[in-house]
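Asks: Got a structure for you, questions after.
The values are calculated or read from the model by the stated rules, or taken from the named source; none is laboratory data. Note that the coordinates shown come from a computational prediction; the quantities given were computed from them, not determined experimentally. Methodologically, a virtual Cβ is constructed for each residue, glycine included, from the backbone with ideal geometry; neighbour enumeration extends over all protein chains shown.
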Amino acid sequence: MAEPNVAPQGAAMFSSLMPIFLIFIVFYFLLIRPQSKKQKEHQKMLEALKKGDRVITASGLYGTVHEIQGSIVKLKISENVNVQMLKSAISAVINETPQIEKK
């Protein structure tokens, strides 16, 4: 008589854990996966950084890469103004020529 009670409890346990698995799958595809993809793209952009690139930093400063020393980047913000920053503080590389739409 003990065996018939074991199978329904196992099935009930599986059906009660199913929503938790579904929530984890949704979180993975909506939050975790896009964030890791964005992080990989940012890392690729930082590795491709070279002298002369126009960049914007996480704090909003625009500048030109003057020198790269490992994880430190020297940015030229204006004439005679150079700033040292961590490479990871650079948020984007800016195109030199902005595209203007013609009407």
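Asks: For segment 63-92, which residues satisfy the criterion of being under 20 Å from the mean Cα position of the chain (by Cα) and not in a loop (DSSP other than H, G, I, E, B)? It would help to see each step written out before you state the result.
Replies: Initial filter on segment 63-92 (under 20 Å from the mean Cα position of the chain (by Cα)): 71-73, 85-92.
Residues satisfying the conditions are ILE72, VAL73, MET85, LEU86, LYS87, SER88, ALA89, ILE90, SER91, ALA92.
Asks: Answer with yes or no whether GLN35 is polar (S, T, N, Q) and modelled with pLDDT of 90 or more. Working first, answer last.
Replies: Values: polar (S, T, N, Q): yes; modelled with pLDDT of 90 or more: yes.
It is true that GLN35 is polar (S, T, N, Q) and modelled with pLDDT of 90 or more.
Asks: If you go through segment 13-36 one residue at a time, do you hit one that is surrounded by 11 or more Cβ atoms within 10 Å (Cβ to Cβ) and closer than 13 Å to ALA92 by Cβ?
Replies: No, that holds for no residue.
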